[in-house]
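Where a number appears in this text, it was derived from the coordinates with a stated rule and is not lab data. In this text the structure is predicted, and so the values were computed from the model without any measurement. Here the Cβ is made from the backbone with ideal geometry for all residues, glycine too, and neighbour counts use every protein chain on show.
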Amino acid sequence: MKQLKHEEIKNNQQKFSITIVCDAIRTPENIGMCFRISESFGVQKIYLHETSPLLNNRKVERTARNTINNIEHYRYNDFKKLINKLKAEGNKIVGVEITNSSVSIHNYNFCTNEKIVLLLGSERNGIEDINLADVTISIPMYGLNSSMNVINSLAITLYEITKQITLKR
């Protein structure tokens, strides 16, 4: 067995109709990792709130590892206006958040939606207006802790979405 070097790996590159909305995420490493994880899973676009760190921030650049230019990205200042625009474009708005009506990620069929928007809440306050989401999904946890890092949640969610979509093809 031999561990492969980056230049030896040939991924099946593809893009999915997935958009990420980072709702006022302020930690530079989380923004950088959002790009890195999203690029790995073929995400189409990322929206960053105007209060999120700039993309030329050293910590953002270091954690993104040259993926920023591979994904369309935009800044926004009005959450409600952005979500309503994305809904009007035919996107299913999925909040990655624990609510009293969240569906377990294991039980949600992502294949019923052609275009998906994942809402990621800020580290402190969660999603600004959770009621704008069409559905919220949660990731089952089996320890005492009731939450995990927003980017870990994103990675798990993107894995589940792309697994469902590619298995259906």
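Structure notes:
- In sequence order, the stretch 158-169 has phi-based couplings of 5, 4, 5, 4, 5, 5, 4, 5, 6, 5, 6, 5 Hz under the Karplus curve 6.51 cos²θ - 1.76 cosθ + 1.60, θ = phi - 60°, and Gly or Pro positions carry x.
- Comparing 18, 156, 46 in a Gaussian network model of the chain (Cα springs below 10 Å), the most mobile by mean-square fluctuation is 156.
- Mean Cα-pair separation over length for the stretch 10-94, i.e. relative contact order, pairs under 8 Å, 6 or more apart, %: 31
- Amide hydrogen proximity for residue 138: with H placed 1.01 Å from N in the peptide plane, the residues at 5 or more positions away or on another chain lying under 5 Å are 103, 104, 105.
- Dividing the mean sequence gap of close Cα pairs (under 8 Å, 6+ apart) by how many residues the chain holds gives a relative contact order of 25 percent.
- ³J(HN,Hα) computed for each position of the stretch 143-157 - Karplus, 6.51 cos²θ - 1.76 cosθ + 1.60, integer Hz, glycine/proline x: x, 7, 5, 10, 8, 9, 4, 4, 6, 4, 4, 4, 4, 5, 5
- Within-15-Å neighbourhood charge of residue 55 [Cβ basis; K, R +1; D, E -1]: +3
- With a Förster radius of 25 Å applied to the beta-carbon distance between residue 77 and residue 125, the computed FRET efficiency rounds to 0.95.
- GNM remark for the chain: springs join alpha carbons under 10 Å apart, and the peak mean-square fluctuation among 62, 26, 124 falls on 124.
- Residues of the stretch 61-93 falling in the label zone of residue 134, defined by backbone nitrogen less than 13 Å from a point 7 Å along Cα to beta-carbon, are 84-93.
- Span from the the stretch 117-135 Cα centroid across to the the stretch 1-75 one, whole angstrom: 19
- All lysines inside 30 Å of residue 2 as judged from Cα atoms, apart from same-chain residues fewer than 8 positions distant: 10, 15, 163
- Cα pair distances exceeding 16 angstrom across the stretch 7-86, given as percent: 50
- For the chain, radius of gyration divided by Kirkwood radius, i.e. Rg to Rh on alpha-carbons: 0.96
- Sequence-distant aspartates and glutamates (8 or more away, or on other chains) whose Cα lies within less than 13 Å of residue 45: 72
- Taking the Cα centre of the chain as reference, the dipole from Cβ charges on Lys and Arg (+1) and Asp and Glu (-1) amounts to some 460 debye.
- Scalar couplings 3J(HN,Hα) for the stretch 81-89, obtained by applying the Karplus form with A = 6.51, B = -1.76, C = 1.60 to θ = phi - 60°, are 4, 4, 5, 5, 5, 5, 5, 4, 7 Hz; x denotes Gly and Pro.
- The stretch 61-129 - percent relative contact order, Cα under 8 Å, separation 6 or more: 32
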